[in-house]
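Data block below; observations after.
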Amino acid sequence: MQYIAHIIFLILLIVGFGLFAKSLQKIYRNIRLGREINRSDRKGERWETMVRVAMGQSKMTKRPVAGILHLFVYVGFIIINFELIEIVVDGIFGTHRFLATIFGNTFYSYFTATLEVLALLVIIGVVIFFIRRNFYGVKRLTMKELFGWPKEDANWILIIEFALMVAFFTMNASDSILQARGYDHFARLGSFPISQITFVPFLEVFSFDNGFLFGIERAAWWFHFVGILFFMNYLYYSKHLHIILAFPSTWYANLEKKGKFNNLDSVTQEIKLMMDPNADPYAAPAGGDAEAPSKFGAEDIFDLNQVQLLNAYSCTECGRCTAVCPANITGKKLSPRLILMKTRDRLEEVGRNIDKNGKFEDDGKKLLNDYITKEELWACTTCNACTEACPVLLDPLSIIFDMRRFLVMEQSAAPQELNLMMANVENNAAPWQYNQADRLNWAKD
């Protein structure tokens, strides 16, 4: 009978990691729907940025309270799950606290004590975050765009993390009591300082016998293991994908100075040709026929680049970008956070279309107008406040800019004010409607 538990464990492990791998494959496929972009330059700077921002959480601490609490949850939850290695070995081979035989009991005691302290910090962090998100009334966390699933998702993640930590303490507390009683194979291994002063007294109040305590320990152990597998596979449906995708997002972040926009090569070459008095406008390009872009700007997710689609999946929905957006602050419809959320929604819709049909079948929808409106796009002042505020270096402004480029260059659908300005630049070499000969009149007096 003892082998049945090991077999069930192995099946759950394979299924859990298999489903997780399948989810990652879908995300990778969807991101690959975008245009290729070369961000392989400045590798040293990119590694430094990833370590500092994604791993070191350097931008989170700009808001100290939320930043420190997030650091508790992030570091604690990640390090505690190193114990998954021990759980896997124990589950497959039927050992108990396998890492103690590798590290020795002295080091293992420090290890388990550290995990307990981190688990306590995780519980403190998630409880405060839950209260802050649901009862404290932080504006960026209570905006209309978070109603429904986004808010439920954030709460469910906090509840799951809390439940996993409670199971962790319950497992350690019952284990500690059984060790003290010398029950079966429960040798004295590890140190559990937090469990000793919290969960152990609670369990001892009920004077459970060894068999019942063993059942509690096993139930908590299984709950912790299955909970980790569930959490891992839940990430695909959650904003908490940033736990994984923050690392590639920061590595592939735009390292150019903020405010520097990319130019289309085809347009740049055309301008150079126009400005060169010696150029022959009828001559063939030096490299053969120049390949014209299929589309200027972005109308749908296929027109965005792969880093922009990665950004959409990596968004934490924290709202720091929207909180500093001058357009949003002054009551405009634009929310940089919502730009990324809508891009991800459209990307997921296209993914489901491919899953159903084997390839993308035109569904009559586009990212522009069906998801993101012109009103949102033209409300942006391109100030870069959103990109500066993002804790994982996402760039919603680049999506806005590419979609506005499509409106202007493909549909000639710029607002009247911009059309007048561009006509003045073309005719007068200035944005104002003055003849070039009159440009210095202001200096005469």
Check: Given H placed on each backbone N at 1.01 Å, which residues far from residue 434 in sequence or on other chains put an amide H within less than 5 Å of it?
Finding: none
Checklist line | Orphan Cys of the chain, criterion: no other Cys C-beta under 4.7 Å | finding: 315, 318, 325, 380, 383, 390
Next item on the list: Quick one: which residues, 5+ away or cross-chain, put their amide H under 5 Å from the amide H of residue 35? H built at 1.01 Å from N.
Entry: 304, 305, 306
Item checked: the chain: angle of helix 265-275 to the longest principal axis, Cα-based, in degrees nearest 10 -> 20
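If I compute solvent accessible area with a 1.4 Å probe over the protein chains, what percent of it on the chain is carbon and sulfur?
Reported share for carbon and sulfur atoms: 62 percent.
Evaluate E = 1/(1 + (r/R0)^6) for residue 424 and residue 369, where r is the Cβ-Cβ distance and R0 equals 30 Å; express this FRET efficiency to the nearest 0.05.
Values: r = 29 Å, r/R0 = 0.96.
Between residue 424 and residue 369 the formula returns 0.55.
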Next item on the list: Tabulate in residue order the Karplus-calculated ³J(HN,Hα) for the stretch 428-437, using 6.51 cos²θ - 1.76 cosθ + 1.60 with θ = phi - 60°, rounded to whole Hz; enter x for Gly and Pro.
Entry: 10, 6, 7, x, 9, 8, 10, 5, 4, 5
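If you count only protein heavy atoms with a 1.4 Å probe, what accessible area per residue comes out for the chain, rounded to a whole Å²? Spell out each step's value before the answer.
Values: 24050 Å² over 445 residues.
Heavy-atom SASA per residue in the chain reads 54 Å².
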Notebook entry, point to check: Hey, which of these cross-link pairs are over 22 Å Cα-Cα: 22/151; 22/356; 333/374?
Noted result: 22/151
Notebook entry, point to check: Which ³J(HN,Hα) values in Hz, rounded to whole numbers, follow from the phi angles of the stretch 151-165 under the Karplus curve 6.51 cos²θ - 1.76 cosθ + 1.60, where θ = phi - 60° and Gly and Pro get x?
Noted result: 6, 4, 4, 4, 5, 5, 4, 5, 5, 4, 4, 4, 5, 5, 5
Next item on the list: Note the angle between two axes, namely the Cα long axis of helix 242-251 and the longest principal axis of the Cα atoms of the chain, as a number of degrees from 0 to 90, rounded to the nearest 10.
Entry: 40
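The values are calculated or read from the model by the stated rules, or taken from the named source; none is laboratory data. Keep in mind the model is a prediction, meaning the values are calculated, not measured. Positions of Cβ are generated from backbone atoms using ideal geometry, with glycine treated the same way; all protein chains shown enter the neighbour counts. The accessibility values were calculated without ligands, DNA or RNA, using every heavy atom of the protein model including side chains. Shrake-Rupley method; radii C 1.70, N 1.55, O 1.52, S 1.80 Å.
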